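One structure is given below, encoded as structure tokens.
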Amino acid sequence: MIENRERISELESKAKILRQDVIKCIGVGVAGHVGGSCSAADLVTALYFYKMKYDPKNPHWEGRDYFLLSKGHVAILQYAALAEAGFFPVEDLPRCKEVGFHLQGHPHLSTPGVEVGTGSLGQGLSLGLGMAIGLKLDDKPNRVYVLVGDGEQNEGQIWEAAMAAAAKQMDNLCAIIDNNTLQAQGPIAERLPSEPIAEKWKAFGWNVIEIDGHNMEEIITALDQAETIKGKPTAIIAHTVKGKGISFAENVTGFHNRALTQEEYDRALAELA
Ligand SMILES: Cc1ncc(C[n+]2csc(CCOP(=O)(O)OP(=O)(O)O)c2C)c(N)n1
């Protein structure tokens, strides 16, 4: 149990580092996706530093698990995880969005560790499903994890993939839904409501686990449980706070994709220290 507590506090510290990296990646005066990166930081930390198998020196290693960032606009969060995991130097992060550089505004195959290009919302789950089917056909044990936004549930393609994954009994596929309740222009409930999300995934035939997406113990328990479920894909509905960890950005729609002033940048890093 103590060992578990130590492991959890290590992961919590790592999540803090990822959030700091996100801020350094955005820098001052250039718009960046603060909100959705910080809401998903604990989830992505648990995937990269607890659950997934990979080899940063050999990104195409056959034994790896696959991570797809369906909400591709928070690429900087995946870049932070990949850098901290050793796929490329952490010093590359502030060069994000530089023309021709390997870190672009949305995930691109030129980045070591990125499996697919995403950013047009709705596509990542279908891509992940295709990979999961391929792995099953090859009788491989690798797992596929797809991070999906709750606003992204407005995309019809999500539900085509959800229906097909359940029909094909893809128990090697796990969707993690970052349920932060805001999308780019405001509360999802006021734009096109996605709720009730858990009931929808259950009705589509998925194993559903609901968690507090900032509670590391709940996150890793859910990821472990998902692996034991046979005959169905798992959807982890993670209740999160957009902008989590930066007081002035928490639950503020304006921080979906915004430039930071020097003062905000300094304050964010101080709060995350
Ligand atoms: C097909 C498509 N339509 C619109 C957009 C523009 N867009 C980028 S992020 C976003 C909101 C997504 O909301 P959500 O999935 O909840 O993301 P989060 O709040 O977690 O950042 C939109 C509409 C897009 N990237 N792709």
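The figures follow:
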quantity: Cross-link table LYS168/LYS244; LYS51/LYS242; LYS97/LYS244; LYS16/LYS53; LYS97/LYS202; LYS14/LYS168, entries beyond 32 Å C-alpha to C-alpha; calculated: LYS168/LYS244; LYS97/LYS202; LYS14/LYS168
quantity: Exposure proxy ranking, count of Cβ atoms within 10 Å, fewest first, for ILE8, ILE246; calculated: ILE8, ILE246
quantity: Set of aspartates and glutamates near LYS230 by C-alpha distance (under 16 Å), chain-local residues within fewer than 8 positions excluded; calculated: ASP139, ASP171
quantity: Amide hydrogen neighbours beyond the local backbone of ILE176, cut-off 5 Å, H modeled; calculated: VAL146, LEU147, VAL148, ILE236
quantity: Highest to lowest packing among 195-205, 213-223, scored as the average C-beta count within 10 Å; calculated: 213-223, 195-205
quantity: Antiparallel DSSP beta bridges within segment 2-271, as percent of all bridges there, nearest 5; calculated: 10
quantity: Proxy reagent accessibility, fewest Cβ within 10 Å first, across ASP92, ASP224, ASP21, ASP178; calculated: ASP224, ASP92, ASP21, ASP178
quantity: Neighbour-count order for GLU91, GLU210, fewest beta carbons within 10 angstrom listed first; calculated: GLU91, GLU210
quantity: Helix axis angle, 34-46 relative to the chain longest principal axis, alpha carbon, degrees; calculated: 50
quantity: Tilt relative to the chain, helix 75-85 - C-alpha long axis, 0 to 90 degrees, to 10; calculated: 90
quantity: Mean-position separation - Cα centroids, segment 229-245 and segment 1-78, in angstrom; calculated: 15
quantity: Estimated inter-spin distance, ASP212 and GLU227, nm [label 7 Å along Cα→Cβ]; calculated: 2.4
quantity: Derived scalar couplings ³J(HN,Hα) [segment 240-245; Karplus, 6.51 cos²θ - 1.76 cosθ + 1.60; whole Hz; x for Gly, Pro]; calculated: 9, 10, 5, x, 3, x
quantity: Integer Hz, Karplus 6.51/-1.76/1.60 couplings in order for segment 141-148, x for Gly and Pro; calculated: x, 4, 10, 10, 10, 10, 8, 10
quantity: Dipole magnitude of the chain about its Cα centre (Cβ charges: Lys, Arg +1; Asp, Glu -1), debye to nearest 20; calculated: 420
quantity: Virtual spin-label span in nm between ASP266 and VAL99, 7 Å along Cα→Cβ; calculated: 3.3
quantity: Of ILE133, PRO193, GLY113, farthest towards positive along the dipole that unit charges on Lys, Arg, Asp, Glu beta carbons give the chain; calculated: ILE133
quantity: Cα gyration tensor shape of segment 60-178, rounded if a/c is under 1.5, else prolate or oblate by comparing a/b with b/c; calculated: oblate
quantity: Contact order relative to length of segment 7-62, as percent, for alpha carbon pairs under 8 angstrom and 6 or more apart; calculated: 38
quantity: Percent RCO, i.e. relative contact order, over the chain, from Cα pairs under 8 Å lying at least 6 residues apart; calculated: 25
quantity: Selection from PRO94, ALA80, ILE23, by position along the positive dipole direction of segment 1-138 (Cβ); calculated: ILE23
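Bear in mind these aren't lab numbers, they're just calculated from the coordinates by the rules spelled out. The structure displayed is predicted, hence computed values, not measured ones. As a convention, Cβ positions derive from the backbone with ideal geometry for all residues, glycine included, and neighbour counts pool all protein chains shown.
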